[in-house]
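The values are calculated or read from the model by the stated rules, or taken from the named source; none is laboratory data. Note that this is a predicted model, so its numbers are computed, not measured. FYI the Cβ positions are ideal-geometry reconstructions off the backbone, even for glycines, and counts take in every protein chain you see.
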Amino acid sequence: MLKVKNLTYLHNASEGVKNINFEVQPGEFTAIIGESGCGKSTLLKSIFGLYDLKEGQIFWRKDEIKGPKYNLIPGYEHFKYLAQEFDLMPYISVEENIKKHLSRQFPEESQQKTDELLQLLELKDLKDKMVKNLSGGQKQRVAIGRALAKKPQLILFDEPFSHIDQFKKHKLRREIFSYLKKENISLIVATHDMDDVLGFADSIMILKNGKQIDYRKAEAVYTKPKNMYCASLFGEVNQLMIPEIKPSSEKTIIYPEEIKISENATEEADVLNIYFKGQHYMIIAKYKGEEIIINSVEKPTTNQIKFHFDLEKINNRLNYKSE
Ligand SMILES: Nc1ncnc2c1ncn2[C@@H]1O[C@H](COP(=O)(O)OP(=O)(O)OP(=O)(O)O)[C@@H](O)[C@H]1O
């Protein structure tokens, strides 16, 4: 189990990560999200042992993970860190890049593991190609293969699918994440892509300016976001005064799918823009002087729409209790 206690690492007077606390169980998947520059990569690198902490401690089981001051080769042996800039061996083949990290003493097992990873990452047809001649997305898949070759106990992924096209990404992501679960490998992933998070992450940590803003079970973080910053990380969101929900002047966070267009509704808004999003239309409308965002399966046919807030859905969400 990983235990991060009060971790603080600063690159300079203010930039870095401050007072981070969390735990990751074997096989658990934690996502670290937040705006660009909030400290996600710094946190991953600190956990891997690439930095000497200013304060705090990191433990994997009974081992304390220390920085470069204490280690000849920085990086903890049971972890794998997949950086944004994956460093592969450019002049050897895809297959050799993966196999290089496996034991030469057991060539049969090494070959079997390499074949398994080439299959998982859809790299079989590229196995003999020199890495320098691969595309960015192909290199990223080789880097994932290399990280998984010698089974780590914890893997730290920094934007693992950022170079991989949409066409391959969805299936690949499902397969890699189920492979990690099956092998009971813990995962911490830093990402901007909510498809890496929702549906896969057990827990989510939200960072802002290097500080831990939220850390709860994934469903709780989405269902009861702490503030607009947290909610906005999952997509477009509204913040509106709805007296039926909160009688005070306090605003409520409303997801666009919690507003329903209907002929018989009493609320009215003027349509400003409609965006076709495939499964639904995203409608930007003016309501009581403010812009609101509504997701609707039906495309509005008039410039003025009638709608209601789905109070039952919103109340259910706000009354959500995590286990
Ligand atoms: N080696 C460094 N020296 C000085 N400042 C740094 C260094 N690395 C990162 N920083 C700064 O620390 C802050 C956090 O950077 P970090 O790379 O951890 O953010 P991030 O959340 O991973 O960003 P992104 O999502 O854009 O990858 C940023 O303000 C960045 O400019």
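Counting only residues that are in a strand (DSSP E or B) and hydroxyl-bearing (Ser, Thr, Tyr), which one in the range 36-94 is farthest from the ligand (Cβ to nearest atom)?
That would be 93.
Name the pairs: first residue in the range 10-21 and under 7 Å from residue 211 (Cα atoms), second residue modelled with pLDDT of 95 or more and near the ligand (Cβ under 9 Å from one of its atoms), Cβ to Cβ under 6 Å, at least 6 apart or on different chains?
Final answer for the pair search is 17/39; 17/42; 17/43; 17/210; 18/210.
Given (1) in a loop (DSSP other than H, G, I, E, B); (2) out of contact with any strand residue (DSSP E or B) (no Cβ under 9 Å at 6 or more places or on another chain), where does residue 317 come up short, assuming only one miss?
Among (1) in a loop (DSSP other than H, G, I, E, B); (2) out of contact with any strand residue (DSSP E or B) (no Cβ under 9 Å at 6 or more places or on another chain), the lone unmet condition for residue 317 is (1).
Just need a number here: residues in the range 198-214 that are of a type in the set (A, V, I, L, M, F, W, C) and buried (at least 22 other Cβ atoms within 10 Å of the Cβ).
The number of residues fulfilling the criteria is 5.
Working only within the range 11-30, note down all residues that are within 13 Å of the ligand (Cβ to nearest atom) and crowded, with 17+ Cβ neighbours inside 10 Å.
Passing the criteria: 16, 17, 18, 20.
Could you identify the single residue in 52, 87 that is under 27 Å from the mean Cα position of the chain (by Cα) and modelled with pLDDT under 95?
None of the other options fit; the residue is 87.
Inspect the range 245-260 for any residue being buried (at least 18 other Cβ atoms within 10 Å of the Cβ), of a type in the set (A, V, I, L, M, F, W, C) and free of Cβ contacts under 8 Å to residues at least 40 places away in the same chain and give the result as yes or no.
yes
Whether any residue in the range 158-173 is touching a Pro at 6+ places or on another chain (Cβ under 9 Å), within 19 Å of residue 27 (Cβ to Cβ), modelled with pLDDT under 95 and within 16 Å of the ligand (Cβ to nearest atom) is what I want to check.
no
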